[in-house]
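S.K.: Below are the structure tokens for one structure; questions will follow.
Please treat every number below as a calculation from the coordinates, not as lab data. Note that the coordinates shown come from a computational prediction; the quantities given were computed from them, not determined experimentally. Here the Cβ is made from the backbone with ideal geometry for all residues, glycine too, and neighbour counts use every protein chain on show.
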Amino acid sequence: MATVFFFYLFSLVAIASAILVITARNPVHSVLFLILCFFNAAGLFILMGAEFLAMILVVVYVGAVAVLFLFVVMMLDVDFTELRSGMLNYLPVGGVIGLILLVEMAALFGTWVVPQDLIAHTAAPVASTAQNTRALGEILYTKYVFFFQTAGLILLVAMIGAIVLTLRHRTGIKRQVIADQVARSPATAVEIKKVQPGQGI
């Protein structure tokens with residue numbers, strides 16, 4: 001009985017907060033409602049027994065993406081009123097695209113059937129008593145460790161590429177050059193000047 005109550009509670013709050021995300025006029029309020037929606041979705045995952053997905057949803061999306069977006073909105077002070085001024089001009093195109101996506105999703109979920117012998121054909125069966133987090137860890141770090149490390153390397157290269165593309169070198173700013181500091185000698189590090197009495201350097 002308690003599970004059913006919490007299911008309807010989390011579902012109603014998630015749907016209401018999702019609607020408020022797109023209807024709120026203030027972008028900061030939209031981000032706060034988005035965080036509320038993520039927390040309720042994490043509660044639904046916990047009710048389904050997928051605690052790993054709930055943890056990822058809270059840690060990654062709430063702790064990084066939503067908070068980062070909130071700080072970017074607050075720091076840049078974007079004029080959303082000006083951005084929304086021409087929204088009605090693109091409403092027909094957006095409606096057509098949304099309708100196409102809705103039809104595709106309806107066709108996908110309408111034809112998708114879960115096979116009866118799905119458990120027998122799993123690629124990496126685990127014990128039924130193992131928790132989701134432990135089972136995923138055992139599979140990722142044993143059977144799929146090469147693909148897991150390759151995905152991490154690709155993300156690292158993408159992060160470095162994004163930093164390099166957005167880095168702008170400004171002139172007139174002193175920067176640290178490690179090679180020049182290591183190559184310094186007493187002759188180049190110290191300069192002795194004779195200062196005459198009553199005169200500056």
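S.K.: Between T133 and E51, what length comes free when the chain is fully extended (0.36 nm per residue of separation minus the Cα-Cα distance, one decimal in nm)?
M.R.: Contour length minus Cα-Cα distance gives 28.8 nm.
S.K.: I would also like to ask the following. So how far apart, in nm, are the two label points at L156 and Q199 if each is 7 Å from Cα heading toward Cβ?
M.R.: 5.8 nm
S.K.: Okay, moving on. Run the quick spin-label model on A107 and R175: label points 7 Å from Cα toward the beta carbon, then report their separation in nm to one decimal.
M.R.: 5.2 nm
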